[in-house]
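**Q** Before I ask anything, let me first share the structure, which is written out below as structure tokens.
Laboratory data are not the source of any read-out in this text; all were calculated from the coordinates shown. Worth saying up front: this structure is predicted, and the values here are computed from it rather than measured. Cβ: placed from backbone, ideal geometry, glycine included. Neighbour counts: every protein chain shown.
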Amino acid sequence: MPVRVNDTVIPEREIAAEMQHHPAPTRDLAWQEAARALVVRRLLLDAAAERGIAPPEDGTLVAEEAMIEALLDDVVSVPEADEESLRRWYDANRARFRSKELWDASHILIAADPADETERRTAEARARDLLDRVLADRSVFSALAEAHSACPSGKQGGRLGQVTRGSLVPEVETFLSALESGQICPTVVKSRYGMHVLWLHERAEPRQLPFEAVREDVARFLRETSWRRAVHQFIALLAGRARIEGVELDGAAATPLVQ
């Protein structure tokens, strides 16, 4: 059955082209999602035309997006949350507003292929020697990093700067999280990249961010949430008035068009 919105037929070739934007476990699911997205687009373009918003002369997707944006600007109005609502939402979601654990660290990386056991044993021996030298005299760490580290940070004496959880390989983060400020890790740390000699200069523990620091983020989130809800309701209204054939429209279909 062809996909149709009122009197407009959506060609199969357009649905096939749209499928690249809708990855799914099966081709049929991707086709369904693509068809739904194009149905929503057609509903919005038709609504824009009904409201006197000029159709794009060149028919390009960019022009159509501008037409849809103009329509939504015209029909969707989202009130700003008042101060009490912002604070109430912040208080109910305080866990979302904590700073990440912050590490100021350095390392020396002796690179080794994870599939080459001989290379990894050699790299571990080299790293162990370097670790023994910096444990005896940490003032040589920077020079050893510049001379031996396979990481670009070696050019800065091994300094990684301030890093947060999720920015380093898990093995390194596990050891950094266990070190005290100023401590050099007493063991060589192994990762898929090779062997690491670690030095944690300082750590900053996670802390609760005050409302004043995140007020604009809260306001933006609530504004965008309200806008999406309003757009969803508007699309549902259009779909309820339209004759749609060949595909069932659901709420998820609006997502690609209302980022």
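**Q** Please report the relative contact order for the chain, taking Cα pairs under 8 Å with a sequence separation of at least 6, and give it as a percent rounded to a whole number.
**A** 28
**Q** So for the chain, taking the charge dipole from beta-carbon charges (+1 Lys/Arg, -1 Asp/Glu), which of Ala70, Ser106, Gly161 sits furthest toward the positive end?
**A** Farthest towards the positive pole: Ser106.
**Q** Sticking with the crude label model, points 7 Å out along Cα→Cβ, report the distance from Glu80 to Glu119 in nm, one decimal please.
**A** 5.8
**Q** How large is the dipole of the range 102-204 about the Cα centre if only Lys and Arg carry +1 and Asp and Glu carry -1, each at its Cβ, rounded to the nearest 20 debye?
**A** 120
**Q** How many angstrom separate the Cα center of the range 185-249 from the Cα center of the range 93-172?
**A** 29
**Q** Principal axis lengths of the range 138-228 from Cα atoms, whole Å, largest first?
**A** 55, 25, 22
**Q** May I ask you to derive the FRET efficiency for Glu146 and Glu14 from their Cβ-Cβ distance with R0 = 35 Å, giving the value to the nearest 0.05?
**A** Efficiency computed from Cβ-Cβ geometry: 0.05.
**Q** Length gain on complete extension for the stretch Arg138 to Leu102, per 0.36 nm per residue less the alpha carbon to alpha carbon distance?
**A** Once the chain is fully extended between Arg138 and Leu102, it gains 10.8 nm.
**Q** Would you pull out the residues with amide H under 5 Å of Ala112's amide H, same chain only if 5 or more places away, H placed 1.01 Å from N?
**A** Those qualifying (amide H under 5 Å, at least 5 residues apart or on another chain) are Gly194, Met195.
**Q** What residues qualify as long-range amide H neighbours of Ala105, i.e. H under 5 Å apart, gap of 5 or more or another chain, H built at 1.01 Å from N?
**A** Those qualifying (amide H under 5 Å, at least 5 residues apart or on another chain) are Leu160, Gly161, Val163, His201.
**Q** Using just the helices of the chain, give the 222 nm mean residue ellipticity in deg cm²/dmol: DSSP H runs with n ≥ 4 each add -39,500 (n - 2.57), and the total is spread over all residues, rounded to 500.
**A** Rounded to the nearest 500, it is -16000 deg cm²/dmol.
**Q** Now for a separate question. Which one of Phe97, Ala123, Val9 is farthest out on the positive end of the charge dipole of the chain, using unit charges on Cβ (Lys, Arg +1; Asp, Glu -1) and the Cα centre as origin?
**A** Toward the positive end, the furthest listed residue is Ala123.
**Q** Please sort 201-214, 184-197 by packing, taking for each peptide the average over its residues of neighbouring beta carbons within 10 angstrom, highest first.
**A** Per-residue mean Cβ counts within 10 Å order the peptides as 184-197, 201-214.
**Q** Let me ask something else about it. Only Lys, Arg, Asp and Glu count, each charged at its Cβ (+1, +1, -1, -1), so figure out the dipole size of the range 69-145 about its Cα centre, rounded to 20 debye. The partial results should precede the final answer.
**A** Details: 12 positive and 18 negative charges, 135 e Å.
It works out to roughly 640 debye.
**Q** How big is the dipole moment of the range 124-259 about its Cα centre under a simple scheme where the beta carbon of each Lys and Arg is +1, that of each Asp and Glu is -1, and everything else is neutral? Debye, nearest 20, please.
**A** 280
**Q** Using a Förster radius of 41 Å, what is the FRET efficiency between Glu216 and Asp129 based on their Cβ-Cβ separation? Nearest 0.05, please.
**A** Details: r = 51 Å, r/R0 = 1.25.
Using R0 = 41 Å, I get an efficiency of 0.20.
**Q** Given labels modelled 7 Å from the Cα in the Cβ direction, how far is it in nm from Glu245 to Arg27?
**A** Using points 7 Å along Cα→Cβ, the separation is 2.5 nm.
**Q** Rounded to the nearest 0.05, what FRET efficiency do Ala49 and Arg223 give with R0 = 25 Å and r taken as the Cβ-Cβ distance? Could you check?
**A** Efficiency computed from Cβ-Cβ geometry: 0.35.
**Q** Under 5 Å between amide hydrogens, which residues at least 5 positions from Cys151 or on another chain qualify, with H placed 1.01 Å from N in the peptide plane?
**A** Close amide H contacts, sequence-distant or interchain: Leu109.
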